[in-house]
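The values are calculated or read from the model by the stated rules, or taken from the named source; none is laboratory data. Just so it is clear, the model here is predicted, and its values are computed rather than measured. Glycine gets a Cβ as well: all are built from the backbone with ideal geometry, and neighbour counts include every protein chain shown. Just so you know, the surface numbers come from the protein's heavy atoms only, side chains and all, with ligands and any DNA or RNA stripped out. Shrake-Rupley method; radii C 1.70, N 1.55, O 1.52, S 1.80 Å.
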Protein chains: 2
Amino acid sequence: MATETLTWQHLAKVKLDAINESIPERWRLASIPSIGEQRDVTGPFICKFLSTEEIEITETDAVDIVEKTSQGIWTAEEVTKSFCHRASLAHQLTNCLHETFFEAAIEDAKRLDEYYAQHKAPIGPLHGLPVSLKDQFHVKGVETTMGYVGWINTFQGKKGTGKEKVFESEMVKELRLSGAVLYCKTSVPHSLMTGETVNNIIGYTTNPKNRNLACGGSSGGEGALIALKGSPAGFGTDIGGSIRIPAAFNGLYGLRPSTGRLPYEGMANSMDGQNTVLSVVGPLSHSVASLRLLVKSLLSQEPWLHDPLCNEIPWRQDQEKQALDLISSSKLAFGILKHDGAITPHPPVQRALDMVVETLKKLGHEVIEWDPPSHKRGYDIIVGSWTYDGGADIHNALRLSGEPMVSQISGMYGKKREEASASKISANNIAQREYQKEYMEYWNSTVRLTSTGRPVDAIIAPLAPFAAARPDRYKYYGYSNIYNILDYTSCAVPVTKVDKEVDVKNTSFKPISEQDKDIQGDYDPELYDGAHVAVQLVGRRLQEERVLAFSEYVGRAIIESNDIRSSHL
Amino acid sequence: MATETLTWQHLAKVKLDAINESIPERWRLASIPSIGEQRDVTGPFICKFLSTEEIEITETDAVDIVEKTSQGIWTAEEVTKSFCHRASLAHQLTNCLHETFFEAAIEDAKRLDEYYAQHKAPIGPLHGLPVSLKDQFHVKGVETTMGYVGWINTFQGKKGTGKEKVFESEMVKELRLSGAVLYCKTSVPHSLMTGETVNNIIGYTTNPKNRNLACGGSSGGEGALIALKGSPAGFGTDIGGSIRIPAAFNGLYGLRPSTGRLPYEGMANSMDGQNTVLSVVGPLSHSVASLRLLVKSLLSQEPWLHDPLCNEIPWRQDQEKQALDLISSSKLAFGILKHDGAITPHPPVQRALDMVVETLKKLGHEVIEWDPPSHKRGYDIIVGSWTYDGGADIHNALRLSGEPMVSQISGMYGKKREEASASKISANNIAQREYQKEYMEYWNSTVRLTSTGRPVDAIIAPLAPFAAARPDRYKYYGYSNIYNILDYTSCAVPVTKVDKEVDVKNTSFKPISEQDKDIQGDYDPELYDGAHVAVQLVGRRLQEERVLAFSEYVGRAIIESNDIRSSHL
């Protein structure tokens, strides 16, 4: 039955089986509880399947792990094995992995341990740290499907390139040089163009904190895996929110750096070559310190010597110090965006914003209303750039296997449209630059509204209208993609969790459009109960050092403020 | 005859008359000698029409002018008046100006003098320095035609925008804040897409050193004006060589910074919105010290707060110091490109390259043959990007008045072609990135060829196959535009002058193509005698500090080496 083996269903099934069978039998779960039985599978639930030592290791922050492996207190091998085990459990609970390569990882870890034994020193700043990667990174020994059935057994959809299972993305090389241990690749939605994670190979990746909800996307596997502490830190990509959304939905910090800061070279992508708004790569983790560690480690590899789109901007100690000085010695000024003029955030998101404002004000900082140029204009420009090719790239990828498009992207890509002309693309590029200029001058103008003598230091804004999307209900990206069109540095900051008693439906809600009504209607306190709620902290272009410093400060202030009151955390 | 007044010829004539009449009568020349009578109108010739004091001022380097105006030794007014006079002469000799605004400049200069009188200190790092601008900069009080008849009495071809003669480009504001005095805008070819300077308003701008030849383009007016010392320093733009070419053809230094280093915001442009290869803005002057002064002054204005495409990269003292340390303490390694595989440089250019190699070797430096990935590939990618719109933008601009296209651009744009599709543009963007990556890795690989432990520190290459183009004979841009597709920092470095006795025709020349034969055939020792010959010194992306340091060193070494031998300078 040679022809039968070529159906996309068959190919997808073979691949799915291979993924699941790559998990060692001793780590397989006999059964998975239903959502009703166990809505939240993080923390105590997943820990039931781990040894005390494994729990200790996997509950440790990335920075502390590296400290231990760099002093020979923990071996890279034991750390790696613990995370392989916990990642295996995470995958069984949420469908968050596309590839595992535990044996190779353990071999790599052993080599690091040998290095340590010989030199009594770490090999690099990430010595022995397991790092998970979104399934856009090419790693030797495994393939990259990016969720496309048609990419199975190929290199980005092509056969016989000589790169299959051999080629490595630039950042993969740099992570290895820094001492990181690579062990798994995480799930994505095919096309990468949705805030949910679903494809025809692994199906749907759920939110481990509240399995009624999406884990986010497109770096959704990263979000779910790290939330379950199956990884201490990992890398995603973001062209409209794809790092920050899964970070927010999973209670993590996630940094969207500006274009040209971290190396994207040699990664698989969707609609590659569209260069109005570039996808960027950035880290997700439980702490800002971990994000900083990863960014600093990569920059110490001088990625600009190997990625033509990377700017020669090393980690700027001085920018970081300036930010820290501002934090410690003077009043900060924040702009708060409560509503973007299009879609009203759900009650838990509004409460999270209020909590941040209240916390900042209590600490003596200034918070002004953020009233920027129309976000609708920015939205139209970015959506324009996402559809230049009328869906050609995505349709071509799906056609390779004949698989159907997931419903989540059918609104934008379901019908193949005419391609944009060069003149139309140029006009959109000009519109983008003009919008960026206006936004920038608005930001500059806030010097007149603050008492600090400076324009606002950062913006606080929702990341999405909801704490997390309900399956197939991610219908609005304006809160996240606005900072992609502006190319601003932005970091997801966890704030609270949905509390059905506090976050009741907004009975005085007056929709400003059908879409506004539709999205607000998705809020259900019962269903959402327990879900993570986050905001984003936004800086100007290429301000990664500042944004991390401010995010760490704000995130900590919220925790401390919550510890004092009755806690929703 | 209302309709008659609308012909492009009439509009052009009115504008031309206005330009010429803007030159004060007392500064008008009674007659201009023929080329046969006076091939070279620089230096002694133009000085005949100036006072001793004017000569002293205008023969002074920009850095030294600022030193004098910043100490109250010279007033901004006397400096400005001297340059207004000399610029007026330069224009009459070569057709190098599109706009003059001497009265406004003198008023500005007086205000600077008042400031100095009051504060006993300069207003900024360019206090009282006249700076000329290519006619893409918008300056209040005057218009920007960019050589298009259809742009006369409009803002970039549009009427009633409210920006006409009011709007100023970002860099104009920053130059004013730094204390520069703006007084004229210089000629360009319409469309900006040629290495000669010609349009239907002012006609052809000639090379003042050898009026048989082109002054270069598209910043050709800058080149001619600065060569005649009608300006101490000015700004041009470069998308395929347009700063470096007129610098080279006029014996000047000219820096093409990488994209995002200096503010292009608010300037008129051709095919705006094409963002595969962006035009960049950069300085031209007689010395590297002057280029450095301008770049540093602009960066001190933090242009990234007002130009969304500008990177937050201040002047990096440390990068400059590293370069200077390398120069003073150790051996440098250069890659020398003698031939790009397509077009054979004329004998004077080959001699200039040999002179540089010889000089560097004598000083103990290493020079290796530069054997990079095919330049033909890079050439095809950049030409692809220049023709995305099939000529629509240029045809639209010409159609505004009905003026004809200059012959220099008809090869590329004469026939309007179909616009490229989004997919085609994406494919070209990918090809560019892949090419950049290959070139970068080739550069990295030269660490194996040098004895310094480093890859080569810079490349030395021709800027054009000829010392300067003969009118309507600029037929090949591969030597300059290759560094635009790579986005490398590059600086034109003057080397020598054509000597008809030494630079005889190459009798052993074997053409490798019809085009190669055609271009080599243009060389005529008699006609070229006396013309400037330059090379370019190329660094990686965003290495402006290094490239300036190395260019200064190499330029000086050549002069010193020439002083010892019989001089061709």
Of everything in the stretch B:131-175 that's out of contact with any strand residue (DSSP E or B) (no Cβ under 7 Å at 6 or more places or on another chain) and on the phi > 0 side of the Ramachandran plot, which residue is surrounded by the most Cβ atoms within 10 Å (Cβ to Cβ)?
B:146
Could you name every one of the helices (runs of 4 or more DSSP H) located completely within the stretch A:285-397 that has at least 1 residues being surrounded by fewer than 23 Cβ atoms within 10 Å (Cβ to Cβ) and without any contact (Cβ under 8 Å) to a residue 12 or more places away in the chain?
A:317-329, A:347-362, A:375-386
For residue B:123, state whether it is assigned by TED's automatic domain parsing to the domain that holds residue B:16, among the β-branched types (Val, Ile, Thr) and assigned to a loop (DSSP other than H, G, I, E, B).
yes
Could you tell me how many of the residues in the stretch B:422-437 are within 19 Å of residue A:268 (Cβ to Cβ) and more than 8 Å from chain A (Cβ to nearest Cβ)?
3
Just checking, which of A:490, A:445 is at pLDDT 95 or above and more than 23 Å from residue A:359 (Cα to Cα)?
A:445
State whether one or more residues within the stretch B:532-554 are surrounded by fewer than 18 Cβ atoms within 10 Å (Cβ to Cβ), more than 27 Å from residue B:311 (Cβ to Cβ) and modelled with pLDDT of 95 or more.
no
Quick check on this structure: which one of B:392, B:352, B:333 is in contact with a Ser or Thr (Cβ under 6 Å, 6 or more places away or on another chain), within 14 Å of chain A (Cβ to nearest Cβ) and not hydroxyl-bearing (Ser, Thr, Tyr)?
B:392
Taking the condition of being among the charged types (D, E, K, R) and either open to solvent by 10 Å² or more (accessible area, probe 1.4 Å) or in the same structural domain as residue B:386 (by TED's automatic domain parsing) (or both), how many residues in the stretch B:220-258 meet it?
1
Taking the conditions exactly as written (away from chain B (no Cβ under 14 Å) and in contact (Cβ under 8 Å) with a residue 24 or more places away in the chain), does residue A:503 satisfy them or not?
yes
Out of (1) open to solvent by less than 70 Å² (accessible area, probe 1.4 Å); (2) in contact (Cβ under 8 Å) with a residue 40 or more places away in the chain; (3) touching a helix residue (DSSP H, G or I) at 6+ places or on another chain (Cβ under 8 Å), the odd one out for residue B:101 is which?
(3)
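Yes/no per residue for (1) part of a helix (DSSP H, G or I); (2) at pLDDT 95 or above; (3) farther than 27 Å from residue B:55 by Cβ; (4) touching a Lys or Arg at 6+ places or on another chain (Cβ under 8 Å):
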{"site": "B:86", "(1), (2), (3), (4)": "yes, yes, no, yes"}
{"site": "B:92", "(1), (2), (3), (4)": "yes, yes, no, yes"}
{"site": "B:105", "(1), (2), (3), (4)": "yes, yes, no, no"}
{"site": "B:108", "(1), (2), (3), (4)": "yes, yes, no, yes"}
{"site": "B:111", "(1), (2), (3), (4)": "yes, yes, no, no"}
{"site": "B:117", "(1), (2), (3), (4)": "yes, yes, no, no"}
{"site": "B:127", "(1), (2), (3), (4)": "no, yes, no, no"}
{"site": "B:136", "(1), (2), (3), (4)": "no, yes, yes, no"}
{"site": "B:143", "(1), (2), (3), (4)": "no, yes, yes, yes"}
Give me the pairs: first residue in the stretch B:540-555 and within 11 Å of another protein chain (Cβ to nearest Cβ), second residue of a type in the set (Asp, Glu) and in a helix (DSSP H, G or I), beta-carbon distance under 9 Å, and six or more apart or on different chains, which are they?
B:545/B:318; B:545/B:320; B:546/B:320
Is it the case that some residue within the stretch B:269-282 is outside the structural domain of residue B:127 (by TED's automatic domain parsing), under 21 Å from residue B:194 (Cβ atoms) and touching a Phe, Trp or Tyr at 6+ places or on another chain (Cβ under 6 Å)?
yes
From A:438, A:514, A:526, which residue is surrounded by fewer than 18 Cβ atoms within 10 Å (Cβ to Cβ) and under 30 Å from residue B:392 (Cβ atoms)?
A:438
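Listed here are the residues, each with its yes/no results for (1) in a loop (DSSP other than H, G, I, E, B); (2) more than 21 Å from the chain's Cα centre (by Cα); (3) not hydrophobic (A, V, I, L, M, F, W, C).
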{"site": "B:163", "(1), (2), (3)": "yes, yes, yes"}
{"site": "B:166", "(1), (2), (3)": "yes, yes, no"}
{"site": "B:171", "(1), (2), (3)": "no, no, no"}
{"site": "B:175", "(1), (2), (3)": "no, no, no"}
{"site": "B:183", "(1), (2), (3)": "no, no, yes"}
{"site": "B:189", "(1), (2), (3)": "yes, no, yes"}
{"site": "B:192", "(1), (2), (3)": "yes, no, no"}
{"site": "B:209", "(1), (2), (3)": "yes, no, yes"}
{"site": "B:212", "(1), (2), (3)": "yes, no, yes"}
Spot the failing condition for residue A:48; the list is (1) within 21 Å of residue A:289 (Cβ to Cβ); (2) open to solvent by 20 Å² or more (accessible area, probe 1.4 Å), and only one is missed.
(1)
Report yes if some residue within the stretch A:473-480 is more than 14 Å from chain B (Cβ to nearest Cβ), touching a residue at least 40 places away in the same chain (Cβ under 8 Å) and surrounded by fewer than 21 Cβ atoms within 10 Å (Cβ to Cβ); otherwise report no.
yes
Which pairs turn up if I take residues in the stretch B:234-262 that are within 14 Å of chain A (Cβ to nearest Cβ) and look for partners that are part of a strand (DSSP E or B) with beta carbon separation below 6 Å, at least 6 apart in sequence or on another chain?
B:257/B:280; B:257/B:282; B:259/B:280
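Rundown of residues vs (1) of a type in the set (Ser, Thr, Tyr); (2) surrounded by fewer than 16 Cβ atoms within 10 Å (Cβ to Cβ); (3) within 28 Å of the chain's Cα centre (by Cα), yes/no style:
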| site | (1), (2), (3) |
| --- | --- |
| A:8 | no, no, no |
| A:23 | no, no, yes |
| A:36 | no, yes, yes |
| A:41 | no, no, yes |
| A:52 | yes, yes, no |
| A:63 | no, no, yes |
| A:70 | yes, no, yes |
| A:76 | no, no, yes |
| A:83 | no, no, yes |
Just to check your reading of the model, which residue among B:36, B:72 is at positive phi, in a loop (DSSP other than H, G, I, E, B) and not charged (D, E, K, R)?
B:72
Residue list for the stretch A:403-429, restricted to those being in a helix (DSSP H, G or I), open to solvent by 40 Å² or more (accessible area, probe 1.4 Å) and not charged (D, E, K, R)
A:407, A:410, A:411, A:412, A:423, A:427
Any chance residue B:419 is within 14 Å of chain A (Cβ to nearest Cβ), touching an Asp or Glu at 6+ places or on another chain (Cβ under 6 Å) and of a type outside the set (Lys, Arg)
yes
